[in-house]
1. So, in Å, what gap is there between the alpha-carbon centers of segment A:717-769 and segment A:158-221?
2. For a protection proxy built on the mean count of beta-carbon atoms within 10 angstrom, sort A:333-342, A:66-75, A:703-712 highest first, please.
3. Using only the Cα atoms of segment A:358-407, what semi-axes does the equivalent ellipsoid have when each is the square root of 5 times a gyration tensor eigenvalue? Give whole Å, largest first.
4. Cβ neighbours within 10 Å, averaged per peptide: list A:49-59, A:504-514 in order, most packed at the top.
5. Once you treat every alpha carbon in chain A as an equal point and sum by Debye, what is log10 I(q)/I(0) at q = 0.04, 0.09 Å⁻¹?
6. At 0.36 nm per residue, and after removing the present C-alpha to C-alpha distance, how many nm does the segment from A:T778 to A:K413 gain when stretched out fully?
7. To the nearest whole number, what is the average tally of beta carbon atoms from other chains within 10 Å of the beta carbons of peptide B:122-131?
8. Determine how many Å³ per residue the convex hull of the Cα atoms of segment B:83-152 encloses.
Amino acid sequence: MRKLPEAYTKKSFSVPPTATSATQHSDNERSAHQRKINQIHESAIKHVQGKAQYVDDLPNTVNTLHVATGKATHANAKIVSLNLEKVWQAEGVVDVIVQGDIPGSADVSPVFSGDVLLAGQTTQFVGQPIFAVAATSYTAAQKAVRLAEIEYEQQTPLLRIQEALAQQDFVLPTQSFHRGDVIKTINEAKFSLSGELTIRGQEHFYLEGQISLAQPTEDGGIHVISSSQHPTEVQKLVASVLGVPIHKVQAEVRRMGGGFGGKESQAATLACMAAVFAQRLQQPIKYRMSRQDDMEQTGKRHDFWNQYTTAFTAQGEILAADIKLAGMCGCTADLSDGIVDRAMFHADNAYYLPQARITGYRCRTDTVSNTAFRGFGGPQGMLSTEAMLDDIARAVNLDPLDIRKQNVYRKDKDETPYGQKIEESVLLPLIEQLENTSQYRQRREEIHEFNRNNRWQKRGLALTPVKFGISFTSKHLNQAGALIHVYTDGSIHLNHGGTEMGQGLYTKIKQVVAKEFGVDSDRIMVSAARTDKVPNTSPTAASAGTDLNGMAAIDAVNKIKQNLFTFAEHYYKVERERIFIHDDIVHVGDQVFAFAEFIKLAYMQRVSLSANGFYRTPKIGFDRSTGKGRPFYYFANGAACSEVIVDTMTGEYKITRVDILHDVGESINPAVDIGQIEGGFIQGMGWLTTEELLWDSQGKLMSNSPANYKIPTVGDLPEDFNVNLYQAKNHEQNVYSSKAVGEPPLMLAISVWCALRDACASVADYKISPPLAAPATTEAVYHCMQAASQYQQSQTAQSGQRT
Amino acid sequence: MLTLNVNGQVVTIEASSDVSLLWVLREHLGLTGTKYGCGAGMCGACTVHIDGVANFACQIMAADAANTTITTIEGLSEDGTHPLQLAWIEEQTPQCGYCQSGQIMRAAALIADNPKPTREEIIDGMSANICRCGSYPRIVRAIERAVKEDHHG
């Protein structure tokens, strides 16, 4: 066995082959710089040794009990009788609760109301928890819940978006914003078209399922360790269900085994359930969902049914668009208001719509309440517009890329339908750079040639952009806090309100603190998010984790530096300008001190070595009543060019090549950022290709395990996959000119869907855009191919009749 | 009573006959590097070696693993220096990290069986393990790196 090289223990690494750097230094300087900025994930060594602890890995105390829930078998049904006698008698069962046993509020909604911890008189969806059991083992709890005798009075469940629209059954009021007289323009235009698209949802399938561990504290409170993106909400809701003040609850999150939005609001219900038992029984309670429970009981990405009508010129320039976006929210609002808002804010994607009316419906259905998922409605808002751009291209018989380039935001065509200006010129140059590096034009010619000569296989190509707004659209969430302590040996403890779910947030904030301090990052210890360290935090979501927490951490560092420098200024009688910290050395005029030495000195002179930092995003604000404003601090941009090959007889396909160029501003950590881009793309590709959520006619989820819900595996990787960073700084003041990266790359996968449709369109000689479902499963591609083929046959028949 | 050979140690535990190896490893032996992902042998988070072959620990009754040699991520190397573990760090493969023990164990069995796998063989061999973060490009590269470096080193 080989020794762990020095490099690993020092945590500085060579650059992975994919990483590109935005800097212009000499080779030596560059490699040193790259080692620093490509710092490995703070948990990497633990990850590869199985030593990184997730909630379920924490040592169990002997008396820890385990929770399972009894699930509703009917949606929108009255519970006529509930007999739990056999459940109580089951082996290992210690406690059983129903809604009435919840000491405080049974409502665990994140923003509005209606999400109940346990069902009351009526069930909201199939799988909803009706009662819960605490037992001596996980297996005992799972076995016991099956013994309940429940009688229902069934009522017809409402399961489809179209039905909800027809019945005007919404969880929240419809919103819209508009510019110009869209209807008039469309009616008077020479060219117009309409389309619709059903976009299915997506199961998060975080590999670590939902889980919480609650322990009673001596003051009648609870310490809860949760796999959650939002510890503050866990804290708030646990306090609410227990009926205690928030200060009696501490929520802690060290890391998640994936979140992707699924643990933004819905992790809290597990914490609440565990906390209710922990308080009743005064012993530790663990609630880990089985995979099937997780898939049935927690919300997913929203299905959407989108309709669009657009007017355009003979050259394909868009004049107006009327876009209706209807999101399937499920039984309650959860986070759906923001999700449908974000779909609306992204219905323009990267394109200037001179006149636009964008309407968002929040449809209620008797299904599990859908929730945040990477992109938060943005992907669904964008997809139908990208379909619309392809439709226009086919209608005017031009290459879709030409139509996209013609309509993309640019100088003087830079205002979004909601009034925010696009202040930087990134989109067009980025698209053109990718057009060149991916050899789009040359490959388009080759594909035409290939498709002309091959009947059974068709190739498709698409280059699609992404423009994604960065900031929470709920303004108050755009704030963050951090807490930094420097100890007398010079070691630094870092805490902030953000949570680590694999996106590399902790690694990046550690780098930011090291850089801002001027010290080696090995001095810095990152620590679990805890509500008693940094309070009132926002969820780690909206891609804004690094932006918000990084700026808060910088604020905290600067407060401590201020203390240190003020001390040095007076103690050594040196002007402030001549005091600084660089490479772990404190410079005070002509004197130099090792960092630890200087810290010890400062402590002895009674200097505060701890600070909290705070940040609020500037410039933002959106007025819903006028539909105008600036919801986003800035936009992250990107583009992807995907090529596919499809079997015309079966619809089977392969993704042969993907080129991505993505804008993360000046990257804080290119290796982490490129990982996010690769992973986000693959996740988006799953959403639009193989991941098909299926429900039966009564609203029961049929795709409730990995056996019947297929997320991408290594074999689904594009054969040729090239990811590069676009070289540009963020024009807004953000953490070292970087940009957010978490969500935007997911939408790069829209290029795959468009490429599949392009391959099908080739069968109709690109005269129509055949309808393609989302996800574009093999069956869906087959049907799309058939539609194109039938069109072509009808054209041939017609031309035959004419001659 | 059940006697198992895990990571070179013979351990005797009390476990009921219907418990899977996964839970014996995690709850009786405290070897929590092996993860629960789906409980159905379809995600690979629980991958361990049984007599050197990659297996889903959630699909094997602990009793059936008696008289075998079991290796978990904790036993793959003494100090985390298996060529795959080093390559995994070098390629910055893990994101959330949850599936990675299973991925590395799957890869270790693959290269033990086939020390110079082609890219196709790597993809084929790794297909049973899911990573929701999409670290697949780096999993492939890390295996290629480990194979290359181990060969030269």
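1. 23
2. The most tightly packed comes first, giving A:333-342, A:66-75, A:703-712.
3. Each semi-axis is √(5λ); the values are 31, 12, 9 Å.
4. Going from most to least packed, we get A:504-514, A:49-59.
5. Debye intensities relative to I(0), on a log10 scale: -0.18, -0.89.
6. Taking 0.36 nm per residue and subtracting the Cα distance, the gain is 127.5 nm.
7. What the average comes to for B:122-131 is 4.
8. In segment B:83-152, the Cα hull volume divided by residue count equals 70 Å³.
Read-outs throughout are calculated quantities, based only on the coordinates presented, and are distinct from any laboratory measurement. Not measured: the values here are computed from a predicted model. In this analysis, Cβ positions are derived from the backbone assuming ideal geometry, glycine residues included, and neighbour counts consider all displayed protein chains.
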